[in-house]
Amino acid sequence: METTRRNFIAGAATMGIAAMGATLFGCAPQSQAGGQDPAQAGLADGSLSWDEEADVVVVGGGGAGGAAAYAAAKEGAKVVVLESMANTAFSSTSLCGGYMTLVDSEEQREQGIEDTPDALVADLKSWGIDIDEGVVRRYGELGHDYSLILQELGVAKSTDVITKAPGSSVARTLTLDPKDHQQKLTDAAQAAGADYRFETEGTRLVVDGGKVMGVVGKSGSKEIRFRANKAVILATGGFTSCPDLLEKCMKGLSGIKSMACPAHTGLMHYAAFNLGAQFDGIPWIYANEGMHPTASDMNGYANLFVYGAVKVNADGKRYVNEGMFIGNAMTRALLDQPMKDEEYFNYQIMDQKAYDLAAKAGKPLGVFEENKGLFVQADTYEELAEKLGAPDLPAAMARYNEDMNATGVDSAFGRDVLYGQGTGAPFALDTPPFYAFANVPWLAYDPVTTFIVNADSQLLDQYGTPIEGVYAVGEIALRPTLGNVYCQGAATGAGACFGMQAGRAAAHRGE
């Protein structure tokens, strides 16, 4: 395509808003990408030059990117996937607990569970609050199709039980084997013809006249310009490995260790800023919790509040309402607590009643074979406090138990539910023996702090207009679905559903 002076100036003007946005986040796109302004990438002698081309270029090969690649290739498109890692085994989808929330899935139909997109909208409107109803409704409408893909690929489940996640009025959350899901998706996309370029990182977008034309990738020291004849799909995940973005969202957040995909560097976030894309949800960013300090994977994880546990700091003091579910307020409260061994830290405290509930539930949140040895046990809270070096624990638990036995409501912080709406009432933790599970926060994902897309997964500019030639799916674009509070299984569910949709749409774009 010939690049005229008018086209180039228009493209550069489009970059202006976004360049300011990128500057607000503390590190310029040039420093991240290591060179030329993305608006000028690929310009040579007055024309755009390309090394390779495809119909659809997918940047990121995780769950959302894999679903997009598979769907586009199945529609007959020539697909190239740029994946910065050597494989897809470290994607968010592969590393997660396996929850996937889908509406009207085959599994729901088989078990006689009635569910509708409208029910999902009502639930997420109440739970996440600041959602885009049109986007959520589309997510619900796509659920059955993706459940068919799961069955087509033979993705293994950890259990056949369909669970009702906090905030849900209907049981709609499947529990998959996450590694099996990711690997089978990758294998299926490749078998369908998608060309995976492993260890090739997308660094910049090539733009002409405000339209995304392709992607600059980097493999080792070599830059490769990929033209996308139909569309680019951004599926690069979050920015948990970009300290500058983390600090601009919440001071101290970059001090929390990341156990997410190490490829979540934020490079494509800066590329999207340069497009003028809308970015929202900064006040709601948060870190996950529940990982034991010695853990390196989900076998050292326990999130016990839904079974009745309370949370105390390193000294044994309660400091937050455990019933408000994980989110920004929980993370901010933690960052105000004393550190232990130079890490933000707390304990999850349970009695035998709560422990039994967690053991019955098992993976991924409860007590199971791999994590049970990480619990500290004692016959009294005084003995448990001595073992933990947490002197304030007995008094904290005495007050909590007194409140629960008297009124069922915690007088210190107002806890009146286990772990978010619809999860039942808390109860006294007064049946020995007693247990503690040490917990450090970890950056797993940032699904409520993302770019904004419409129901067709098109990336929107500052005026709410779709940016031509580009879709965004998965963790980079989940806020319209989730709003302010993560719903278990909705990140992987929406990522897969919208990835599938974007792949199909991209394959037929312009026809």
Expressed as a whole number of Å, what is the distance separating the alpha-carbon centroids of segment 324-359 and segment 135-192? 29
Between residue 191 and residue 297, Cβ-based FRET efficiency (R0 22 Å, step 0.05) works out to 0.20
Given a 1.4 angstrom probe, what's the average accessible area per residue across the chain, in square angstrom? 37
Going from most exposed to least, what order do 109, 479, 197 have by accessible area with a 1.4 Å probe? 109, 197, 479
Taking every pair of Cα atoms in segment 372-425, average 1/r, invert it to obtain the Kirkwood radius, and report Rg/Rh to two decimals. 1.05
Let me know the shape class of segment 117-168, please: from the alpha-carbon gyration tensor, a ≥ b ≥ c as square roots of the eigenvalues, rounded when a/c is under 1.5, otherwise prolate if a/b is greater than b/c, or oblate. oblate
Enumerate the amide H contacts of residue 368 below 5 Å, restricted to partners 5 or more residues apart or on another chain; note that Pro and chain-start residues carry no placed amide H. none
Residues of segment 478-511 with the amide nitrogen closer than 18 Å to a label point 7 Å from the Cα of residue 329, along Cα-to-Cβ, please. 483-488
Give me a comma-separated list of calculated 3J(HN,Hα) values for segment 393-407, in order, Karplus coefficients 6.51, -1.76, 1.60 applied at θ = phi - 60°, integers in Hz, x for any Gly or Pro. 5, x, 5, 4, 6, 4, 5, 4, 5, 4, 4, 5, 6, 7, 10
So what is the relative contact order of segment 357-508, in percent, for Cα pairs below 8 Å that sit 6 or more residues apart? 16
Hey, any idea what % of segment 72-210's accessible area is carbon plus sulfur with a 1.4 Å probe? 46
Indicate the gyration tensor shape class of segment 109-216 (rounded, prolate or oblate), computed on the Cα atoms with a ≥ b ≥ c the square roots of the eigenvalues: a/c under 1.5 is rounded; otherwise a/b larger than b/c is prolate and the rest oblate. oblate
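For a Förster distance of 30 Å, can you work out the FRET efficiency between the beta-carbons of residue 425 and residue 370, rounded to the nearest 0.05? If you can, show how the numbers build up before the last one.
Working: r = 30 Å, r/R0 = 1.00.
Efficiency, rounded to the nearest 0.05: 0.50.
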What percent do you get for the relative contact order of the chain when only Cα pairs under 8 Å and 6+ apart count? 24
Highest first, please rank the peptides 426-437, 484-495, 80-91, 398-409 by the mean number of other Cβ atoms sitting within 10 Å of their residues. 484-495, 80-91, 426-437, 398-409
Using the Karplus curve 6.51 cos²θ - 1.76 cosθ + 1.60 with θ = phi - 60°, work out ³J(HN,Hα) for each residue of segment 228-241 in order, rounded to whole Hz, and write x for Gly and Pro. 10, 5, 10, 5, 9, 10, 8, 9, 8, x, x, 10, 5, 10
How far is it, in nm, from the label point at residue 416 to the one at residue 352 when both lie 7 Å from their Cα along the line to the Cβ? 3.2
Consider the candidate values (1) 53, 23, 21; (2) 33, 30, 23; (3) 42, 24, 19; state which one is semi-axes √(5λ) of the Cα gyration tensor in Å computed from the structure displayed. (3)
Nearest-20 debye value, segment 367-511 charge dipole, Cβ charges on Lys, Arg, Asp, Glu: 540
Note on segment 308-427: alpha-carbon gyration tensor, axes a ≥ b ≥ c; rule is a/c under 1.5 for rounded, else prolate if a/b larger than b/c, else oblate; result rounded
Counting only residues 5 or more apart in sequence or on a different chain, those whose built amide H sits under 5 Å from that of residue 224 are 217, 218, 219
To the nearest 10 square angstrom, what accessible area does residue 149 show with a 1.4 Å probe? 20
Sequence gap at least 6, Cα distance under 8 Å: using those rules, report the relative contact order of segment 253-333 to the nearest whole percent. 29
State the Cα centre-to-centre distance between segment 88-127 and segment 254-268 in whole Å. 25
Determine, from the Cβ-Cβ distance of residue 257 and residue 511 and an R0 of 56 Å, the FRET efficiency 1/(1 + (r/R0)^6), rounded to the nearest 0.05. 0.75
Spelling out what I want: for every residue of segment 416-433, take phi, set θ = phi - 60°, compute 6.51 cos²θ - 1.76 cosθ + 1.60 (Karplus), and round to whole Hz; glycine and proline get x. 9, 9, 5, 7, x, 4, x, 10, x, 8, x, 8, 5, 9, 10, 9, x, x
Under-5 Å amide H pairs with residue 468, H placed in peptide plane, nonlocal only: 212
With all protein chains present, calculate the accessible area of residue 269 using a 1.4 Å probe and round the result to the nearest 10 Å². 0
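The values are calculated or read from the model by the stated rules, or taken from the named source; none is laboratory data. The structure presented is a predicted model; accordingly, all values stated were derived computationally and were not measured. Cβ sites come from the backbone with ideal geometry, for glycine too, and all protein chains shown count toward neighbours. Note: areas computed on protein heavy atoms with side chains; ligands, DNA, RNA excluded. Shrake-Rupley method; radii C 1.70, N 1.55, O 1.52, S 1.80 Å.
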